[in-house]
Amino acid sequence: MITLYHCANARSMRSLWLLNELGLDFELVEMPFHVKHLRTPEYLSVHPLGRVPCLVDGDLTLFESGAIAQYLCEQYDDGTLGRAPGHPERVDWLQWLHYAETVAVHGASMVQQTVIIAEPDQSPVVKKLETRRLEKSLEVLNEHLSEREYLLTGGFTAPDTNVGYSVHLGSKFTDLAAFPHVKAYYERLTARPAFQASLPTGAAAV
Ligand SMILES: N[C@@H](CCC(=O)N[C@@H](CS)C(=O)NCC(=O)O)C(=O)O
């Protein structure tokens, strides 16, 4: 049995989305995004930093959303969402899978600066720098997507869930209209039923 530890709108949305794309059965353990819930002795015994995502599959426990995507594809995919070693798109698959974090770190810094840190301690310099760095990372994506619908020419794959989440997060801090190919890509992604099934519902949606 697969269990995913998740917080609404956090990077664990990547793993949730991919599980949904793969059509796997899993148990979702959803926690409010607060240290009070993430740093309990019980959860620290699952993830040593008390962060999300964390995936448990039988005896195996995995954190890091990139590793989780790679594992799920190697274990459960038929070659649609994954690219095995030797496949002509394997190296691109790896590069874009991990590019997701290059984009997401700036969104995560902006969450810290705008939501987690109280206003008097927020830094206008950090906010400006992180927004600019987020935009630079989206520029690279925009150029890449000017010639293809998804990150790989071969179609939608697991890196699209990880990068797609990063774009979803980034869109809260910059206007995607400045990156038309990214905007169109984001619209394609958000139309997918598996993406929609990974969005928060109820109180967590606000
Ligand atoms: N590189 C890790 C980052 C995991 C991470 O930092 N997750 C954030 C949510 S987006 C978290 O759990 N933060 C809670 C905290 O730092 O207390 C991954 O991609 O899985």
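Just to check your reading of the model, which residue among PRO124, PRO193 is within 20 Å of HIS106 (Cα to Cα) and not small (Gly, Ala, Ser)?
Step by step, each of PRO124, PRO193 is checked, and only PRO124 is within 20 Å of HIS106 (Cα to Cα) and not small (Gly, Ala, Ser).
Filter region 58-107 down to residues that are within 11 Å of the ligand (Cβ to nearest atom) and assigned to a loop (DSSP other than H, G, I, E, B), then give me how many there are.
1
Output the residue which, of all residues in region 1-32 that are of a type in the set (D, E, K, R) and touching a Lys or Arg at 6+ places or on another chain (Cβ under 9 Å), is farthest from the ligand (Cβ to nearest atom).
Checking each candidate, the answer is GLU21.
Filter region 129-147 down to the residues that are closer than 16 Å to GLN95 by Cβ and of a type in the set (D, E, K, R), then identify the one that is surrounded by the fewest Cβ atoms within 10 Å (Cβ to Cβ).
The residue in question is GLU147.
For region 22-47, give me each residue that is within 22 Å of MET1 (Cα to Cα) and assigned to a loop (DSSP other than H, G, I, E, B).
GLY23, LEU24, ASP25, MET31, SER45, VAL46, HIS47, listed by residue number.
Against the condition among the charged types (D, E, K, R), over 25 Å from GLY82 (Cβ atoms), outside the structural domain of LEU28 (by TED's automatic domain parsing) and touching a residue at least 12 places away in the same chain (Cβ under 8 Å), how does GLU135 come out, does it pass?
Answer is yes for this residue.
Answer with yes or no whether VAL52 is closer than 27 Å to GLU130 by Cβ, assigned to a loop (DSSP other than H, G, I, E, B) and outside the structural domain of LYS136 (by TED's automatic domain parsing).
Judged against the criteria, VAL52 is a match.
For region 148-189, enumerate the residues that are of a type in the set (Val, Ile, Thr) and either exposed (fewer than 13 other Cβ atoms within 10 Å of the Cβ) or more than 20 Å from ALA108 (Cβ to Cβ) (or both).
Passing the criteria: THR153, THR157.
Sort out which residues of region 103-128 are β-branched (Val, Ile, Thr) and crowded, with 16+ Cβ neighbours inside 10 Å, and write them in order of number.
Selection gives VAL103, VAL111.
The values are calculated or read from the model by the stated rules, or taken from the named source; none is laboratory data. Everything numeric here is computed off the predicted structure, so don't read it as measured data. Don't worry about glycine lacking a Cβ; one is built from the backbone with ideal geometry, like all the others, and counts go over all protein chains shown.
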